[in-house]
Amino acid sequence: MDPKMLKHARQFGPVISGGIKHLLVFGVLCVTVFPLQSAPPPLAAAAGYTVNTFSSTFDAAQVDINNSMDSGYNWYMSRFWYGPSDASTVTLNSDASVTLKNNSGAGMGIASAGENSKGGGWVGTAFGGGGYFEAIFKFDPDLVSGSGFFWPAWWSISIEHCLNSAQWVGQASGYEHFVEPDFFEYDVASWLGKNYYGGAFHDWSGVYDPIIPYVNKTQPPPPAARSFCIAAPGIDAAGAGWKQYHKVSFLWLPATATTNGHGYFCFDDQKTTDSVSWTLYTNQAPSSPTTMDPWTYGIIDSQHLVLILGNGCSSPFTVQSVNVWQKTGYYNGVNGVMPAPPADQNLPLITPVGGTSIDSVLVSMITLASSGVTIRYTLDGSTPTGSSTAYTGPLALKQSTVLKACGFGIAGNSAVVTQSYKIVPRVVKPSHSGLQYAYYEYDGAPWISVKSKDWSQYTVKASGTTDSFNLGMARRNNKFAVRFYGTISIPTGGLYTFTVNSDAGANLFMGDYLIVANDGTHSLTTGGSGAIRLPAGCYPIALDYYMDSTVYSGGVLKPALNVYYKGPGIAKTIIPKSVLFNDNVAVKGPVAGKVFTNNSLAYSLNKESVLITVGFQGRYQLEIVKPNGAVVLHLSGTRPANYAVKRSMLPAGIYMLRATDAAGKKIAKLMTWY
């Protein structure tokens, strides 16, 4: 908006401009220094927004810098109206911040959602139901052009408008109604001095061009417009404070039947003097084109915000992070899917939905019932009962888990809600190159699947290390199997695609996450692929392979195995030795029979437990260890003993059973199950 118009708006109140009706609240906000915090900001916590539904820094794993339009990124280059941003204006820095440069004035930069140009619809996240939206950034005000074109900017807009689906109920076809909360627009207020910035809240309505979002189409009657401005003091007059990181936030509290809704502009964890409020909105018609109604701005409560970071000026705009805190993520639109309120008020709403996470995931649950409902849950896949653990706060899951939850109420219980979380942990890089393997041979009934086998029944014929996923250790051409395990180093964060071609079947895992399923008896031409977005770091990797041509009728099978990956800066290639590492813990053998025995150490499996027998005389240490060396269970004793470890404590995967006697002698054995 032109600065002169801002001045007149502040003096005279509502004005008409541009043929488009919109309601604007403009704020000029002050700056203070803040301490960095990891907990929800005080204003978010006071509003009950304790669930961190969106937390992002900026690297190739979080920013779709190549405009792939694949789901799973936090930020997208694609724009709903102008096409993708110029990648040369978006720099992903080594400290995981992002610097946005002048994007030719179009200015959307990167957004939390974008139009899916490949398959239609949209990808990303649009936020609904209220929340606290925070960005931490810095820039040099001396380099801002002073053109009054709003930049740099941290803002949002209703995705309903982006999708041309913001029809105002009861109005003529094509007459839209939507919001645009602008949390930060620096240059719009620069005429007041370098210590000012702008914040705005638009309530737009009218008939809009579907291609150019703020241009009304020429059809009568033309929409009208209203706007007004609010000013507040800023930081030092020279604007030097903008060169350090500061928090700029927006607090959205939806209206209810008994309380007003509010939108607060916040700076460094404090509310400014600028805010808007509204009553509950139910698609009322406007009183007149020039009158503000009590429910003005209330359409936000039924819409979903796309978050946007943009720059159309000369000053580089560096953003450290963006976080969103809400009561639940249930009301957010994700990858083209909008939520629907549940019919059962007792039903647990779980945030986030199941999926794959790196290192850990924080899970929260609420119900829509006002009182009288207790959420009870289990983490082992069993059905919750009235004696199951009661939910009292967010759950930090650090291993793959099947969560089941049920709302127990006075008038009845809800259905059981199930979410499955796969956790891929980052680990310390081992010192030894290559992979470890265990080689098996078998006779008798043919294998038709690698997943269906209880490997503890079979003899380990050989074990050791190998440079890569290969079959050089095989001693025959049929009826054998190999388990590989170790660590893979990912040099650069981003989307990685893994591909397995095998003759016959193979499955590839990261941790206990099955990333490529290429099981079954087939030729080398049959392959499987899977993709995962990984930050830079080291991850456990394992592969199960078998060769059995007994029941194959499609031709001659020959043992073969090729494992590829591709990622940022890496064309599809065989995974090389240079990125594979192992702990060099020897897998001992051979062992025959159902019980897996090695000197004074044995284990067997039943449906519920891992049964471990230790035959040591004297003091010993017993450990169950992940392939990356992480100890997941530690026991000690002084005499022979039997232990039963519930399998629910150890998700399906690959483990080492390791015992150490008083003299330091170690015995280790591979344990695997599905």
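Here are the numbers:
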| item | result |
| --- | --- |
| Among (1) open to solvent by less than 30 Å² (accessible area, probe 1.4 Å); (2) small (Gly, Ala, Ser); (3) under 30 Å from residue 470 (Cα atoms) - the single one residue 433 does not satisfy | (1) |
| Within region 239-256, tally of residues that are in a loop (DSSP other than H, G, I, E, B), open to solvent by 10 Å² or more (accessible area, probe 1.4 Å) and at pLDDT below 90 | 1 |
| The one condition in (1) farther than 25 Å from residue 558 by Cα; (2) at pLDDT below 90 that residue 489 fails to fulfil | (2) |
| Positions within region 380-407 being open to solvent by 40 Å² or more (accessible area, probe 1.4 Å), touching a residue at least 40 places away in the same chain (Cβ under 8 Å) and touching a Ser or Thr at 6+ places or on another chain (Cβ under 7 Å), in sequence order | 380, 394 |
| Qualifying positions in region 293-307 - open to solvent by 20 Å² or more (accessible area, probe 1.4 Å) and either on the phi > 0 side of the Ramachandran plot or of a type in the set (S, T, N, Q) (or both) | 302 |
| Residues of region 390-430 classified as of a type in the set (S, T, N, Q) and within 24 Å of residue 326 (Cα to Cα), total | 6 |
| Residue check for residue 507: surrounded by fewer than 20 Cβ atoms within 10 Å (Cβ to Cβ) and in contact (Cβ under 8 Å) with a residue 24 or more places away in the chain | no |
| Residue 285 open to solvent by 20 Å² or more (accessible area, probe 1.4 Å), of a type in the set (A, V, I, L, M, F, W, C), part of a loop (DSSP other than H, G, I, E, B) and within 29 Å of residue 78 (Cα to Cα) | no |
| Region 368-379: number of residues that are surrounded by fewer than 19 Cβ atoms within 10 Å (Cβ to Cβ), at negative phi and in contact with a strand residue (DSSP E or B) (Cβ under 6 Å, 6 or more places away or on another chain) | 2 |
| Qualifying residue in region 312-321 (condition: surrounded by fewer than 22 Cβ atoms within 10 Å (Cβ to Cβ) and either of a type outside the set (S, T, N, Q) or at positive phi (or both)) | yes |
| Residue ID - least open to solvent (accessible area, probe 1.4 Å), chosen from residues in region 518-541 that are touching a residue at least 60 places away in the same chain (Cβ under 8 Å) and within 15 Å of residue 502 (Cα to Cα) | 520 |
| Filter pass, residue 449 being polar (S, T, N, Q) and at pLDDT below 90 | yes |
| Which listed residue is open to solvent by 20 Å² or more (accessible area, probe 1.4 Å) and either at pLDDT 85 or above or part of a loop (DSSP other than H, G, I, E, B) (or both), from 236, 203 | 236 |
| Selection from region 341-368 of residues that are small (Gly, Ala, Ser) and under 21 Å from residue 396 (Cβ atoms) | 354, 355, 357, 360, 364 |
| Elements of type strands (runs of 3 or more DSSP E) contained in region 296-357, each with 1 or more residues being touching a residue at least 24 places away in the same chain (Cβ under 8 Å) and over 30 Å from residue 242 (Cβ atoms) | 349-351 |
| Filter pass, residue 461 being of a type outside the set (Ser, Thr, Tyr), surrounded by fewer than 21 Cβ atoms within 10 Å (Cβ to Cβ), under 30 Å from residue 550 (Cβ atoms) and touching a residue at least 60 places away in the same chain (Cβ under 8 Å) | yes |
| Subset of region 260-282 that is of a type outside the set (Ser, Thr, Tyr) and part of a loop (DSSP other than H, G, I, E, B) - its residue that is nearest to residue 196 (Cα to Cα) | 268 |
| Residue in region 415-430 that is in contact with a helix residue (DSSP H, G or I) (Cβ under 7 Å, 6 or more places away or on another chain) and either in a strand (DSSP E or B) or open to solvent by less than 30 Å² (accessible area, probe 1.4 Å) (or both) present | no |
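The values are calculated or read from the model by the stated rules, or taken from the named source; none is laboratory data. As the structure is a prediction and not an experimental result, all values here were calculated from the model. Every residue, glycine as well, gets a Cβ built from its backbone with ideal geometry; the counts of neighbours run over all protein chains shown. Ligands, DNA and RNA are stripped out before the accessible areas are found, and what is left, the full protein with its side chains, is counted by its heavy atoms. Shrake-Rupley method; radii C 1.70, N 1.55, O 1.52, S 1.80 Å.
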